[in-house]
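**Q** Below is one structure. I have some questions about it.
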Amino acid sequence: MKADPSPRPKILILVSGEGSNLQALIEASRERDYPADIVAVGSNQAKAPALAKAAHANIPTFVIEHGRYGSRDEFDGALMQEIRRHNPDLIVLAGFMRILTEGFVRALRGQLLNIHPSLLPKYTGLNTHQRALDAGDKVHGVSVHFVTEELDGGPIVAQAQIAVGPDDSAETLAQKVQAQEHVLYPIVVRWCCEGRVQLGAERVLFDGQALRQPVVLPAN
Ligand code: GRF
């Protein structure tokens, strides 16, 4: 008999909304060679449709409603307790609409990934599609980055681009960008779980080498 294989990395996913990225990650994690297991899904919104998607996939869920906590520190403390209980290797923010405190982010340095619907460093924050249109951008897209104390400002692992056409609206851009998100996020999560991608002192390390530019996924 073979010796025990090393334990598979554990992923915990945080959501607030629809959960289309969660669904893409669930489907990827079911592929035979996917190197990790989703051990829990947590939300700050009890009614987030994403929670039903997790339940449907038999993934344990938890809810920490931010309205019940007097401060960001208390909310983050409760969230940290749940995270510690599941002991994940990687925490994946997938449409998690809460700003996390500096202490929380520092304690989980290198373990927190986020997906943001713009080609960072352009358009941190909200309304990214409209802002790309207003600026007349011909190329728009999505970024996956490590979370640091700076909002949407942590080192970027990878991006996927879309072309902006003359007939695009914020809604059509959102659809096109989301389709790319569903391809990009499972790939980056895979790289992290395989140990290929790590957060170094200042930059992302890819196969041990500091990344000078984000990896850009070829358009599909
Ligand atoms: C995505 O557009 C993601 O880029 C942003 O929030 C949205 C989440 O969508 N951070 P969903 O809940 O995964 O459908």
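**Q** Filter region 38-57 down to residues that are assigned to a loop (DSSP other than H, G, I, E, B) and in contact (Cβ under 8 Å) with a residue 24 or more places away in the chain and give me whichever is farthest from Phe75 (Cα to Cα).
**A** Ala57
**Q** Return the total of residues in region 177-199 being touching a strand residue (DSSP E or B) at 6+ places or on another chain (Cβ under 6 Å) and surrounded by fewer than 18 Cβ atoms within 10 Å (Cβ to Cβ).
**A** The total comes to 1.
**Q** Turning to a different aspect of this structure: Starting from region 11-30, take each residue that is surrounded by fewer than 20 Cβ atoms within 10 Å (Cβ to Cβ) and list its partners that are part of a helix (DSSP H, G or I) and basic (Lys, Arg), counting only C-beta distances under 6 angstrom and pairs at least six apart or across chains.
**A** Hits for this filter: Gln23/Lys53.
**Q** Let me ask something additional. In this structure, does Val157 turn out to be under 24 Å from Lys10 (Cα atoms) and of a type in the set (A, V, I, L, M, F, W, C)?
**A** For Val157, the condition - under 24 Å from Lys10 (Cα atoms) and of a type in the set (A, V, I, L, M, F, W, C) - is met.
**Q** Next up: Filter region 52-77 down to the residues that are of a type in the set (A, V, I, L, M, F, W, C) and either surrounded by 16 or more Cβ atoms within 10 Å (Cβ to Cβ) or under 17 Å from Leu25 (Cβ atoms) (or both) and list them by number.
**A** Ala52, Ala54, Ala55, Ala57, Ile59, Phe62, Ile64, Phe75
**Q** Also, quick follow-up: Give region 60-109 a look and list any residue that's of a type outside the set (D, E, K, R) and within 15 Å of the ligand (Cβ to nearest atom), or say none. Show your work before the answer.
**A** Here is the first cut: in region 60-109, the residues of a type outside the set (D, E, K, R) are 60-64, 66-67, 69-71, 75, 77-81, 83, 86-88, 90-97, 99-101, 103-105, 107-108.
Within region 60-109, Thr61, Ile91, Val92, Leu93, Ala94, Gly95, Phe96, Met97, Ile99, Leu100 meet the criteria.
**Q** Against the conditions (1) more than 25 Å from Cys193 (Cβ to Cβ); (2) in contact (Cβ under 8 Å) with a residue 24 or more places away in the chain; (3) outside any loop (DSSP other than H, G, I, E, B); (4) of a type outside the set (D, E, K, R), where does Gly67 fall short? Just the number, please.
**A** (2)
**Q** Residue check: is Asn114 at positive phi and at pLDDT 95 or above?
**A** It is false that Asn114 is at positive phi and at pLDDT 95 or above.
**Q** Taking the conditions exactly as written (outside any helix (DSSP H, G or I) and either under 21 Å from Asp76 (Cα atoms) or modelled with pLDDT of 95 or more (or both)), does Ile26 satisfy them or not?
**A** No, not satisfied.
The values are calculated or read from the model by the stated rules, or taken from the named source; none is laboratory data. Not measured: the values here are computed from a predicted model. Because the Cβ atoms are built from the backbone with ideal geometry, glycine has one as well, and the counts that use them run over all protein chains shown.
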